[in-house]
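Visitor: First the structure, which I've put down as C-alpha cells, then a few questions once you've had a look.
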Amino acid sequence: MPSIASTWDAPQSVPVRDQFAPVKAVFIAAVHLGIIAVCWQTNWAAIGVCIFLHAVCGGLGICVGFHRLLTHRSFKCSKAVEYALAFLGALTLEGGPIDWVAHHRQHHQFSDGPGDPHSARQGFFWSHLIWMMWTPRKKDFAEFTERYTPDLLRVPFYRFLGRTYVWFSALLAVLLYWLGGWPFVVWGMCVRLVITYHSTWFVNSASHTFGYRNYALNDLSTNCWWVALITYGEGWHNNHHAFPTSARHGLRPWELDLSYGFIRMLKALGLAWEVRTPSPERLRSALAKVAPSS
C-alpha cells in the first residue's frame, strides 16, 4: 500500500518520501507533551531564557545562519562567524545544517510543485508538519544531500555537526538544569523548541496560504505579516521567492525584517560583506500590481 508521500508524483531525480519516521514522530510528540510541565515549572527567569534562546538559536541560527547564509549565500563572512551561526542553528534540533539546507534548496527548485518536499498544494498540515514524518530511504537520502549540498559536504565541520548536534542540545539541557533547575529545562528546551518549530513550519504552511503577493510567481508563496513577526522577517516569503539570494526579505518600508537588520549590523562591524540585495531597478521591473494566488 503506497504511503501518502508516494501519492505525489515527484520527478524521478527526486527521492520519494516513502518511509515513515517513527523516531522523529515520537520525539516531536514528546517535546510538545513536555510543555505541560510549565503548569508547575515556571518562573520569570525561565521565561527570559526561553525568549533569549529562541532569538539566538532560532533567529540568528536558523533565519540568518541556516537560511540566508548557508542555503542562499546572501552575504559573506568569516568562517568563525559562519560556524558560530551554524552551531546556534543546530541547537534548534531541526536537523544538521546539511540536511536542513538540502531540503530548502529542493523546495526552491520545485516550489509548490512535484518534487517540493513540503508543497502547500498537498494541504496546510502536510506543508506544516506531516511531510517530516515521511523520509526517503537511506541510500536515496545520501544521493539527495550529495545533489543539493556538495558545498557543505566538503566541510568537515558540517559533517561533524550533522552527527553530533543532538548531543550538543543534550549538553545545553544539562547546562540549563545546572543554572536554573527544571524550570530552565522546560522553558529553555521544550517550550523554546515548540515555539521555534512552529515558527519555522509556519513559513512553509501559512506563508504559502495567507497574506498578499508583491510578485507574480508560479508558486503559492505569500507575504504573511504575523509569520514575519515571529520569524524575524522570514514571513515575507513571496519577496524571498522572487529574490532568493537577497539578504533582505522585507522589501517595502513596513515589512520589518530583523534578520536583515542583524546582517546589516554584522556588515557595519566589518564581520559581513558582499551583502546581496536586489537593485531598485530589479524591484521595479518585478513588482506586480496584481499577482495571482496560484
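Taken together, the values in this text are just the output of simple stated rules run on the coordinates, not laboratory data. Only a predicted model underlies this, so the values are computations on that prediction, with no experimental measurement involved. Methodologically, a virtual Cβ is constructed for each residue, glycine included, from the backbone with ideal geometry; neighbour enumeration extends over all protein chains shown.
Visitor: Compute, for the stretch 24-286, the length of the dipole vector about the Cα centre, with Cβ point charges of +1 (Lys, Arg) and -1 (Asp, Glu) only. Units Debye, rounded to 20.
Guide: Values: 23 positive and 15 negative charges, 82 e Å.
Charge dipole of the stretch 24-286: 400 debye, to the nearest 20.
Visitor: If the viscosity is 1.567 mPa s and the temperature 4 °C, what translational diffusion coefficient in µm²/s does Stokes-Einstein give for the stretch 24-286 when Rh comes from Kirkwood over Cα pairs?
Guide: Answer, rounded: 68 µm²/s.
Visitor: Right, here's the next one. Arrange the following residues from fewest to most other Cβ atoms within 10 Å of their Cβ: Cys39, Cys224, Cys190, Cys63.
Guide: Ascending number of Cβ neighbours within 10 Å: Cys39, Cys190, Cys224, Cys63.
Visitor: Counting only C-alpha contacts under 8 Å and six or more residues apart, can you give the relative contact order of the stretch 103-143 as a whole percent?
Guide: Numbers: 28 pairs, mean separation 8.9, N = 41.
Computed over the stretch 103-143, the figure is 22 percent.
Visitor: Further question: Figure the gain on full extension for Ala55 and Lys139 (residue separation times 0.36 nm, minus the Cα-Cα span) and round it to one decimal in nm.
Guide: Contour length minus Cα-Cα distance gives 26.7 nm.
Visitor: For a Förster distance of 25 Å, can you work out the FRET efficiency between the beta-carbons of Arg121 and Ser78, rounded to the nearest 0.05?
Guide: Rounded to the nearest 0.05, the efficiency is 0.05.
Visitor: Give me the aspartates and glutamates in straight-line cross-link reach of Lys139: C-alpha distance below 13 Å, same-chain residues under 8 apart excluded.
Guide: Reachable aspartates and glutamates: Asp18.
Visitor: The stretch 45-159: D in µm²/s via Stokes-Einstein (Kirkwood Rh, Cα pairs, 4 °C, 1.567 mPa s)?
Guide: Values: Rh = 15.1 Å.
Translational D for this selection: 86 µm²/s.
Visitor: How far, in nm, would the chain grow between Leu271 and Ala25 when pulled straight, counting 0.36 nm per residue and subtracting the alpha carbon separation?
Guide: Working: separation 246, 0.36 × 246 = 88.56 nm, distance 3.89 nm.
Between Leu271 and Ala25, full extension yields an extra 84.7 nm.
Visitor: Additional query: Quick check on packing: order 89-96, 245-252 by the mean number of other C-beta atoms within 10 Å, highest mean leading.
Guide: Listed from highest to lowest mean packing, they are 89-96, 245-252.
Visitor: How far is the Cα center of the stretch 64-135 from the Cα center of the stretch 157-188, in Å?
Guide: Distance between centres, Cα-based: 21 Å.
Visitor: Right, here's the next one. Using only helices, what value at 222 nm comes out for the chain when you add -39,500 (n - 2.57) per DSSP H run of length 4 or more and divide by the total residues, to the nearest 500 deg cm²/dmol? Numbers along the way, then the final one.
Guide: Numbers: 13 runs with 141 residues, N = 294.
My calculation for the chain gives -14500 deg cm²/dmol from helical runs alone.
Visitor: Here's another thing I want to ask about it. When only C-alpha pairs under 8 Å and at least 6 residues apart count, what is the relative contact order of the stretch 24-286, in percent?
Guide: Numbers: 385 pairs, mean separation 62.6, N = 263.
Relative contact order here is 24 percent.
Visitor: Can you tell me the relative contact order of the stretch 175-267? Whole percent, Cα pairs under 8 Å, sequence separation 6 or more. Mind dumping the intermediate values first?
Guide: On the way: 117 pairs, mean separation 16.8, N = 93.
Relative contact order, the stretch 175-267: 18 percent.
Visitor: Order 196-205, 168-177 from most to least packed using the mean count of other Cβ atoms within 10 Å.
Guide: So the peptides 196-205, 168-177, ranked by packing, come out 196-205, 168-177.
Visitor: Work out the length of the dipole vector of the stretch 211-277 about its Cα centre, built from +1 on the beta-carbon of each Lys and Arg and -1 on the beta-carbon of each Asp and Glu, and round it to the nearest 20 debye.
Guide: Value, rounded to 20: 160 debye.
Visitor: Moving to a separate point now. Can you list, largest first and rounded to whole Å, the semi-axes you get for the stretch 100-231 by taking the square root of 5 times each eigenvalue of its Cα gyration tensor?
Guide: 29, 23, 13
Visitor: Each label point is 7 Å from the Cα along the Cα-to-Cβ direction; what then is the distance between the points at Leu179 and Val38, in nm?
Guide: 1.9
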